[in-house]
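Read the structure below first, then the notes.
The values are calculated or read from the model by the stated rules, or taken from the named source; none is laboratory data. The shown structure was predicted, so the numbers you read here are calculated from the model rather than taken from an experiment. No Cβ is skipped: glycine too gets one built from the backbone with ideal geometry, and neighbour counts run over all protein chains shown. All accessible areas refer to the heavy atoms of the entire protein, side chains included, with ligands and DNA or RNA removed. Shrake-Rupley method; radii C 1.70, N 1.55, O 1.52, S 1.80 Å.
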Amino acid sequence: MEIVLTVYFAVIGLIIGSFLNVCIYRIPKGENIAYPPSHCGSCGHRLHAFDLVPVFSWLFLKGKCRYCGSKISPRYAMVELMTGIVFAILFKAFGISLDFFASAFLMSILIPVFFIDLDHRIIPDEIVVTGLVAGIVIIVCNVFFPLDIYRGGQWWEPILGMIAGSGTLLAIGLIAAKIYKTDEVMGGGDIKIFAPIGIFLGWKMTFLALFISIIVAGVTSFILIILKIKDRRSTIPFGPFIVVGTFITYLFGWDILGMYIDTLLSRM
Ligand SMILES: [Zn+2]
């Protein structure tokens, strides 16, 4: 039964991933995400249901538009596949639970953040607001059905998470701006997106997610400089690392925190 449900949620993820492609493509341009219906980016031909089957249409059409033959970026299929895999992994981790639906929702708004920040160096306010609205639902649900991620925290745990996430980043940004005399160290979007993340994760896991994001960003920058893909002065967007950091925290957060505390105690 579990395998059936895993496949089921993977397929739901593929379908949601297909919608996320529309968001990634249209939100930065200020376009409506519901209208007009999907069309080819080159010839404008309206796409039919059989052109829009996640991943499979792209494979079947060999990455080309059926109507004009122009190339379709493999990234569309990649975003769908990524969303499907993320959903399957989260279901494996949490089973059918409020934690599963909450984490799947948060990752569904963070996957567009990953790609939009990579392409345009922005995190759109529409995405932050969507996360905050869902966050209010989470805060209310948590009063009646406490989420596991908060590990028995008080009802205000998600609210404290929001303050911890955005507040810490804001402080880092302000301090860095003073030291480096530039306000480009920490983008406003990074600070804002940590408000919904803070609600969804609670304050302890939010600090961990922030810490993991910074570590992964540091290691990646180091590798990119060593490989001479980037030089020391070029900046890389932080958003994609926030997304990776949050996902790692969902899967291993409490284990990592537990190991850290054990190590600390054993040294005392
Ligand atoms: Zn076309």
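Its Cα gyration tensor gives the stretch 1-95 an equivalent ellipsoid; the semi-axes, largest first and in whole Å, are 27, 15, 10. Counted without the sites themselves, the longest stretch of the chain free of GluC sites (Glu not before Pro) in a DSSP loop having at most 15 other beta carbon atoms within 10 Å is 32-183.
For His39, nonlocal amide neighbours, meaning residues 5 or more places apart or on other chains whose placed amide H falls under 5 Å from its own, are Leu47. Solvent-accessible area assigned to carbon and sulfur over the stretch 97-268 amounts to 71 percent, based on a 1.4 Å probe. Give the distance, in whole Å, between the Cα centre of the stretch 192-209 and the Cα centre of the stretch 101-168. Distance between centres, Cα-based: 7 Å.
Computed over the stretch 97-268, the quotient of the alpha carbon radius of gyration and 2.2 N^0.38 Å is 1.06. Heavy-atom accessible area for His120, with the other protein chains in place and a 1.4 Å probe, reaches approximately 90 Å². Computed over protein heavy atoms with a 1.4 Å probe, the accessible surface of the chain works out to 56 Å² per residue. Report the net charge of residues surrounding Ile109, where surrounding means a beta-carbon distance below 14 angstrom and charges are Lys +1, Arg +1, Asp -1, Glu -1. The answer is -2.
Only lysine pairs 8 or more places apart, or on different chains, with alpha-carbon atoms under 21 angstrom apart are counted in the chain, and they number 4.
A simple count of charges around Lys204, restricted to other residues whose Cβ falls under 12 Å of its Cβ and scoring Lys, Arg +1 and Asp, Glu -1, yields 0. Each Lys or Arg adds one and each Asp or Glu subtracts one; over the other residues with Cβ under 13 Å from the Cβ of Ala164, this totals 0.
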